[in-house]
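J.: I'd like to ask some things about the structure below.
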Amino acid sequence: MRDVVAAADMVEVVSGRTPLRRASGSRFTGRCPFHEEKTPSFSVNPVEKLYYCFGCGKGGDVISFVRETENLDFVGAVEWLADRFRVPIEVEEASPQIEAERRRRDRLYTVLDQTATYFERLLWEGDAGATVREYLAALEERNPVSEDPSEPADAPTAPKNVSLTDPAARWTAAPGGPAFFAYSTNYLIDLQAGIIVDVEATPAHRTQEVNSTRKMIDRVEERFDLKPKRLVGDTAYGTAPMLGWMVEDKQIDPHVPVWDKSERKDDTLSSSVSALDFSDSCRTHHASVDLASGRGS
Ligand code: ZN
């Protein structure tokens, strides 16, 4: 590990996230990659391989920087650096704990790989994906990508109508935005693996979105014999009936802000997040898909 840190170029690593320029002495500065800012308050010491932000207070060494920005654990960050700066890692030196962690991660990657392949197949082959394929084809037809190579592929095109006929769709509005015609897809996501374990479509209506979580939790328990220990959600999940169901009926630990009506400033919410964890924690998320413009939220 010391070899890896010694070989790592701190400026190169940080530059991958934010442009740096030389400041006084050997120090480099740039805009902080951890918070929004207009003037640089992020400082890098390439000799000691340390960073510190005078704006948000984030600081650490090259390993913690990689952990934060690449979303890796300690072992993952060391391997990431070793790979990047071509330092061979001697596996036999690894402790049993690191070995176990590596095996766990390899298994997880395998599961993620197979999951992706499974959903790709569902989408492109067979009857199950037919409606989605139709939807995508209609989207593409109404919003064609320019054939002109001089035009950037992501040039903004005016979104067109796709479908006003989805029976689950209804008018909804995000705070501060115009009303739009939408339905919601509600996801139950395992937080550790980042795998969507269930999906339930509902009208874009808060109560129905929240209630779909109960349906998904019951269904996942029945299908896969998996039950979350914790559920992470936004205030929409903080109603007394929902909390009662979670805690008393399901023995799920709610990580949910309690809904205090006195502090509620608006009553529109077209997108909210909740989470739960099967091994440790897991999460539900609902996204409203704007059928009129193709916009998602
Ligand atoms: Zn900062």
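J.: For segment 33-50, does any single residue satisfy the condition of being within 16 Å of the ligand (Cβ to nearest atom), among the hydroxyl-bearing types (Ser, Thr, Tyr) and assigned to a helix (DSSP H, G or I)?
T.: no
J.: Only residues in segment 203-219 that are closer than 15 Å to Tyr183 by Cβ count as the first member; pair them with residues that are acidic (Asp, Glu) and crowded, with 19+ Cβ neighbours inside 10 Å, Cβ under 8 angstrom, at least 6 apart or cross-chain, and list the lot.
T.: Ser212/Glu200
J.: Here's another thing I want to ask about it. Restricting the search to segment 212-259, which residues are of a type in the set (Phe, Trp, Tyr) and surrounded by 20 or more Cβ atoms within 10 Å (Cβ to Cβ)?
T.: Tyr237
J.: Still on this structure, I have one more. Tell me, please, whether a residue that is within 16 Å of the ligand (Cβ to nearest atom), in the same structural domain as Thr29 (by TED's automatic domain parsing) and at pLDDT 90 or above can be found in segment 68-80.
T.: Yes, that holds for at least one residue.
J.: Show the residue pairs that are 6+ apart or on different chains and have beta-carbon atoms under 8 Å apart, the first residue being within segment 36-57 and of a type in the set (S, T, N, Q), the second being assigned to a loop (DSSP other than H, G, I, E, B) and more than 11 Å from the ligand (Cβ to nearest atom).
T.: As it stands, the answer is Ser43/Ala23; Ser43/Arg27; Asn45/Ser26; Asn45/Arg27, since those pairs meet every condition given.
J.: Can you tell me which residue among Glu120, Glu79, Glu90, Glu140 is over 24 Å from the mean Cα position of the chain (by Cα) and closer than 28 Å to Ile189 by Cβ?
T.: Glu140
J.: Restricting to segment 10-32, name every residue that is away from the ligand (no atom under 14 Å from the Cβ) and in a loop (DSSP other than H, G, I, E, B).
T.: Correct list: Gly16, Pro19, Ala23, Ser24, Gly25, Ser26, Arg27.
J.: With the requirement that a residue be at pLDDT below 85, out of contact with any Lys or Arg (no Cβ under 8 Å at 6 or more places or on another chain) and not in a helix (DSSP H, G or I), what does segment 234-264 give you?
T.: Of everything in segment 234-264, those that are at pLDDT below 85, out of contact with any Lys or Arg (no Cβ under 8 Å at 6 or more places or on another chain) and not in a helix (DSSP H, G or I) turn out to be Asp234, Gly238, Thr239, Val256, Pro257, Val258, Trp259, Asp260, Arg264.
J.: Could you tell me whether any residue of segment 189-203 is modelled with pLDDT under 75 and part of a loop (DSSP other than H, G, I, E, B)?
T.: Taking every residue of segment 189-203 in turn, none turns out to be modelled with pLDDT under 75 and part of a loop (DSSP other than H, G, I, E, B).
The values are calculated or read from the model by the stated rules, or taken from the named source; none is laboratory data. All values derive from a computational prediction rather than experimental measurement. Please note: Cβ atoms are built from the backbone with ideal geometry, for glycine as well, and neighbour counts cover all protein chains shown.
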